[in-house]
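Working notes, beginning with the structure itself.
The values are calculated or read from the model by the stated rules, or taken from the named source; none is laboratory data. Nothing here was measured: the structure is a model prediction, and the numbers come from that model. Because the Cβ atoms are built from the backbone with ideal geometry, glycine has one as well, and the counts that use them run over all protein chains shown. Remember, those area values only see protein heavy atoms, side chains included, never the ligands or the DNA or RNA. Shrake-Rupley method; radii C 1.70, N 1.55, O 1.52, S 1.80 Å.
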Amino acid sequence: MQRAVSVVAHLGSRLQAFSPALCRPFSCAQEVLRRTPLYDFHLAHGGKMVAFAGWSLPVQYRDSHTDSHLHTRQHCSLFDVSHMLQTKILGSDRVKLMESLVVGDIAELRPNQGTLSLFTNEAGGILDDLIVTSTSEGHLYVVSNAGCWEKDLALMQDKVRELQNQGRDVGLEVLDNALLALQGPTAAQVLQAGVADDLRKLPFMTSAVMEVFGVSGCRVTRCGYTGEDGVEISVPVAGAVHLATALLKNPEVKLAGLAARDSLRLEAGLCLYGNDIDEHTTPVEGSLSWTLGKRRRAAMDFPGAKVIVPQLKGKVQRRRVGLMCEGAPMRAHSPILNMEGTKIGTVTSGCPSPSLKKNVAMGYVPCEYSRPGTMLLVEVRRKQQMAVVSKMPFVPTNYYTLK
């Protein structure tokens, strides 16, 4: 996701690699950027603010991008992801509403279990990726991308009105909470010091409401956009700065910004909406077929099913693949060529991997070039260089699952 979020892999120096339409240096231009509840906190801690999806967010802090990235892989980092859209879907027909919009099997979710899913259109294109959690409090908790805020909210509100007009019991509430992501191998150890619940009983993609470092009413979800173990904490606005400050008191924790988040998600093979998937990409083309619920495939009752389901057994024109290369780093929009020099595709995301000391990227190529190990060419700065199709994730994921 622009997160996500982003089951996340089941399931999202890279300042230049952000989409110019989404991220640019903060200036005093006429545009009024939204601020998260931690805006002043970021400035006080040396955050370098940029415009991202209509928000002013830290791209990095005093540490370098590489140091921040590696600290997340080795310890843990705190990210402010309060720009994400958080909603509650209420009422006895809440599952019916959500399943009319997404490809996943929401009805099968156990209490407090979540899943990555996709909003799709009738042409099979991906409108956004999102995480849906079926809470034990009797509502669906939904987190979707800031860059699709207005589109996603309108989509859900229109469906609510449609079902209400049919006499259905359904409603929608936008949550005003902040959202903090604590990510890295020591994240659970750090968080455990501030909660009474046993986090060993909270596996990947499950959720619980608890008091966290004295802040009540927090929803803690074991998920993230880095490939590491970690949590996302939906926290009431009044307690956001207190919680961030409490977490930072542990020397394991450092603040991290958009730059590290982007390179971490790319190493984990996670999509950025608008770059790697969009309204012109189907789940099968995007290598996201696993998000299609088995029951939903059989019923063909989700938007775009008549396009998407036949692709599962047929042949699509292109697929999302991972790429690795030496030399200059691949960037979004870099042409991908076959060994004869004919353009066959385009890079959608790319950066130097701080963990691997190699360049990694993802992009789309015709199916006949999608097998791992296939040698290709990429054009970087008008020069061709060798690249190899590689399995994703590039760096092994470390999600916490119960043995």
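Observations on the structure shown:
- Shape call, the chain: gyration tensor on alpha carbons, a/c limit 1.5: oblate
- Inter-part distance, segment 61-116 to segment 365-403, computed on C-alpha centroids, equals 25 Å.
- To put it simply, the accessible area of segment 85-174 at a 1.4 Å probe is 43 percent carbon and sulfur.
- Distance histogram for segment 85-174 (every C-alpha pair counted, 5 angstrom bins, percent rounded to whole numbers): 3, 15, 28, 28, 19, 7, 0
- Calculated [θ] (222 nm, deg cm²/dmol) that DSSP helices of n ≥ 4 give over the chain, each run adding -39,500 (n - 2.57): -5500 deg cm²/dmol
- Phi angles across segment 159-170 convert, under the Karplus curve 6.51 cos²θ - 1.76 cosθ + 1.60 with θ = phi - 60°, into 3J(HN,Hα) values of 5, 4, 4, 4, 6, 4, 5, 8, x, 7, 9, 7 Hz, Gly and Pro given as x.
- Projected area, mean over directions - segment 255-302, Cα convex hull, nm²: 4.6 nm²
- Spatial separation of Cα centroids for segment 192-214 and segment 324-358, in angstrom: 40 Å
- Modelled spin-label separation between residue 165 and residue 200, with each label point placed 7 Å from Cα along the Cα-to-Cβ direction: 5.4 nm.
- Accessible surface for the chain, divided over its residues, is 41 Å² per residue with a 1.4 Å probe.
- When every Cα-Cα distance of segment 301-403 is counted in 10 angstrom steps from zero, the calculated P(r) takes the values 15, 42, 25, 16, 3 percent.
- Nearest-10 value in Å² for the accessible area of residue 337, using the 1.4 Å probe: 10 Å²
- log₁₀ of I(q)/I(0) at q = 0.17, 0.22, 0.25 Å⁻¹ - segment 123-191, Debye sum with one point per alpha carbon: -0.84, -1.17, -1.30
- Sequence-distant lysines (8 or more away, or on other chains) whose Cα lies within less than 30 Å of residue 306: 88, 96, 151, 159, 294, 315, 391
- Annotation for residue 192 and residue 241: the two label points, set 7 Å from Cα along the Cα-Cβ direction, are 3.2 nm apart.
- Across segment 44-110, Cα-Cα pairs more than 16 Å apart make up 65 percent of the total.
- Full extension of the segment from residue 358 to residue 307, taken as 0.36 nm per residue of separation minus the current Cα-Cα distance, would add 14.6 nm.
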